[in-house]
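Contents: one structure, followed by commentary.
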Amino acid sequence: MNNTAASPMASATSSSGRSTGKSISFATELQSMMYSLGDARRPLHETAVLVEDVVHTQLINLLQQAAEVSQLRGARVITPEDLLFLMRKDKKKLRRLLKYMFIRDYKSKIVKGIDEDDLLEDKLSGSNNVNKRQKIAHDFLNSIDQTGELLAMFEDDEIDEVKQERMERAERQTRSMDSAQYAEFCESRQLSFSKKASKFRDWLDCSSMEIKPNVVAMEILAYLAYETVAQLVDLALLVRQDMVTKAGDPFSHAISATFIQYHNSAESTAACGVEAHSNAIQPCHIREAIRRYSHKIGPLSPFTNAYRRNGMAFLAC
């Protein structure tokens, strides 16, 4: 895929400019992920296809940038350092990634049977016995950190408000579930791109790349792919809430021209008209969320544009 691939804002089925000819799709898995993140129990297939297109486009662009960074330093593979370098300006999302890397190390040590007390002692003492992911991140950030801000993130226990909101939303979702529905919900929450590693690599067409990502870099990419899905759902839920007419609000009719355009289009009639009675996120909600995010307006304005390319900001980093 090249940098001029069609934007997901233009088409829900552009397939992110995929050139492999393979019919690899995460649409079914994405429907389950979206459900676990706050969408209706049966998310729309059309919405999942659009979300897949957005995620694929963003990951391919991120891979291209990471490959450029890797090439500049004379490396033969894309490593976690290249991705950390691209994320260095967004402290909140970098902090979130570092926590993810710690959790991955934690799980690895549990699987290997290392005592939990030893793990915590290693973390607090900064020992080199801490597993590879955190050591990679610490050593790299130490090499580029001139102010101490980046290294301070390793000691930062600040509550992640975004993650907290997602957990609270999940708790609200489960309140009225019976045992069968709850089991389905828990199963959906277990899904991730990292659990489909081989399919994920083929989906990104890594085999055709001259500079390929290594194993840990693929873990981070899978994490960022899931975070992109999560953020799309977060933003689409805000858009859907905004689109609900509020009694007594004189501005409730003032929705964006972009939303009206997609809502009235032939394609959107099926996605937003026939299914309009359901609580499922519609493709037009996703497009409006992307539009707001890209233009930094309204409640989404605090988000960064540090990784903008082709007019569309990266969602996960």
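The values are calculated or read from the model by the stated rules, or taken from the named source; none is laboratory data. Here the structure is a predicted model, which is why all the values come from computation and not from measurement. In this analysis, Cβ positions are derived from the backbone assuming ideal geometry, glycine residues included, and neighbour counts consider all displayed protein chains. Side chains included, ligands, DNA and RNA excluded: accessible areas come from the protein's heavy atoms. Shrake-Rupley method; radii C 1.70, N 1.55, O 1.52, S 1.80 Å.
Conditions (1) of a type in the set (D, E, K, R); (2) surrounded by fewer than 18 Cβ atoms within 10 Å (Cβ to Cβ); (3) part of a helix (DSSP H, G or I), marked per residue:
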site: ALA183; (1), (2), (3): no, yes, yes
site: GLU187; (1), (2), (3): yes, yes, yes
site: SER194; (1), (2), (3): no, yes, yes
site: GLU227; (1), (2), (3): yes, no, yes
site: ALA230; (1), (2), (3): no, no, yes
site: VAL239; (1), (2), (3): no, no, yes
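Look at the range 116-148 and say how many of its residues are assigned to a helix (DSSP H, G or I), modelled with pLDDT of 70 or more and either closer than 15 Å to LEU97 by Cα or open to solvent by less than 80 Å² (accessible area, probe 1.4 Å) (or both).
The total comes to 11.
Run down ALA75, ALA67, ALA48 and say which single residue is small (Gly, Ala, Ser), surrounded by fewer than 22 Cβ atoms within 10 Å (Cβ to Cβ) and at pLDDT 95 or above.
ALA67
Considering ASP82, ASP39, which residue is assigned to a helix (DSSP H, G or I), open to solvent by less than 30 Å² (accessible area, probe 1.4 Å) and among the charged types (D, E, K, R)?
Of ASP82, ASP39, the one residue that is assigned to a helix (DSSP H, G or I), open to solvent by less than 30 Å² (accessible area, probe 1.4 Å) and among the charged types (D, E, K, R) is ASP82.
How many residues are without any contact (Cβ under 8 Å) to a residue 12 or more places away in the chain and of a type in the set (S, T, N, Q) if we restrict to the range 171-208?
Qualifying residue count, the range 171-208: 6.
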